[in-house]
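The values are calculated or read from the model by the stated rules, or taken from the named source; none is laboratory data. If you're wondering where the values come from, they're calculated on a predicted model, not measured in any experiment. Cβ placement follows ideal geometry from the backbone for every residue including glycine, while neighbour counts extend to all protein chains displayed. Ligands, DNA and RNA are stripped out before the accessible areas are found, and what is left, the full protein with its side chains, is counted by its heavy atoms. Shrake-Rupley method; radii C 1.70, N 1.55, O 1.52, S 1.80 Å.
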Amino acid sequence: MVREEFVAQFQQYSDAHQALQLLKSEGKRRILQQARVIGATTSGATRMKDLLESSGAEVVLVEEAGEVLDAHIVTSLTSHVQHLILVGDHKQLR
């Protein structure tokens, strides 16, 4: 009986948590859709790839570009990107 109650409560929590995550994601999506330029680290851009794709952003700014592999930058790009700006000091960007 306690186990069934726990399972039911856990399922209710899981459903509420999933609904909250969807609301947060939609809020972020709406904000990004209004942005003309989005700046991110490659790890941040990769983590938010779905949000970046839905934003339709045409310009992406990557900081510390000389510290990451080209493959990490390329995988964070979306199909909408027309301009990629790589930021790093002159010794990094060779």
Expressed as a percent, the accessible surface of region 33-94 that is carbon or sulfur, using a 1.4 Å probe and the full set of protein chains, is 53
Relative contact order for the chain: what percent, with Cα pairs under 8 Å and sequence separation of 6 or more?
25
Difference of contour (0.36 nm per residue) and Cα-Cα distance, Phe6 to His80
22.0 nm
Reduced to Cα centres, the span from region 28-45 to region 56-78 in Å works out to 12
If one takes the longest principal axis of the Cα atoms in the chain, at what angle in degrees, from 0 to 90 and to the nearest 10, does the Cα axis of helix 2-34 lie?
30
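Would you please put 7-15, 51-59 in order of how densely packed they are, using the mean number of other Cβ atoms within 10 angstrom per residue and starting with the highest?
Packing proxy ranking, top to bottom: 51-59, 7-15.
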Taking every pair of alpha-carbon atoms in the chain, what share in percent sits in each 5 Å bin, from 0 to the bin with the longest distance?
2, 13, 18, 17, 12, 9, 8, 6, 5, 4, 3, 1, 0, 0
Just for the chain, what percent of DSSP beta bridges are antiparallel, to the closest 5?
0
Subtract the Cα-Cα distance of Ala40 and Lys28 from 0.36 nm times their separation in residues, and report this length gain in nm to one decimal.
2.9 nm
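Counting only heavy atoms of protein chains, what accessible area per residue, in Å², does region 12-94 have with a probe of 1.4 Å?
Value for region 12-94: 72 Å² per residue.
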Estimated [θ] at 222 nm from DSSP helical runs (n ≥ 4, -39500 (n - 2.57)) normalised by residues in the chain, nearest 500
-17500 deg cm²/dmol
